[in-house]
């Protein structure tokens, strides 16, 4: 039986186990140890992380930030918004519904009080499919170009992201 729990400052190794997925297909992002540490500290200080565990082994992770607005082009009331930053499942734990369970957990915890928004790849996004099945809608006309250092020279360092939002009125 799986268990979802909030990560704390002692859970760095679990965080890193999951976030290393960004170094692999389809992202091929180049992360150094310092990058993982900085990302972890940022979520400890400015956000929240929830992991899904089987026994004591982390299988996936969802990260959020409350009252967060990094992108001015979005027309949001940040006092009433949650930013769903990442939803990641380890490769050996995929296709078991863990990402969906994490998404539903965040919706049940915050969805009545807050709009939940996220940013995802413009094309071929697994998280978009999960989000759409859980009441998220695309924010039309809001596309952002992002840059990442890559581990493979044949993968462009820039790609485009789109935004989705689940309004608190869309309760299911």
Query raised in the report: Considering the values (i) 10, 35, 32, 18, 5, 0; (ii) 10, 32, 23, 16, 9, 5, 2, 1, 0; (iii) 9, 38, 41, 12, 0, which represents P(r) over Cα pairs in 10 Å bins from 0, in percent as calculated for the structure under consideration?
Result: (iii)
Report summary line: Expressed in angstrom and rounded, the centroid-to-centroid distance over alpha carbons for the range 97-172 and the range 19-63 is 16
Requested in this report: Before anything else, pin down the relative contact order of the range 72-137: Cα pairs under 8 Å, at least 6 apart, normalised by residue count, whole percent.
Outcome: 41
Query raised in the report: Which whole-number percent gives the relative contact order of the chain, counting Cα pairs below 8 Å spaced six or more residues apart?
Result: 21
Query raised in the report: How much length is gained on full extension from residue 56 to residue 108, taking 0.36 nm per residue of separation minus their Cα-Cα distance?
Result: 16.4 nm
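A short reminder: the numbers here are calculations on the coordinates, not readings from a lab. Predicted model, so just to flag it, every value in this text is computed and none were measured.
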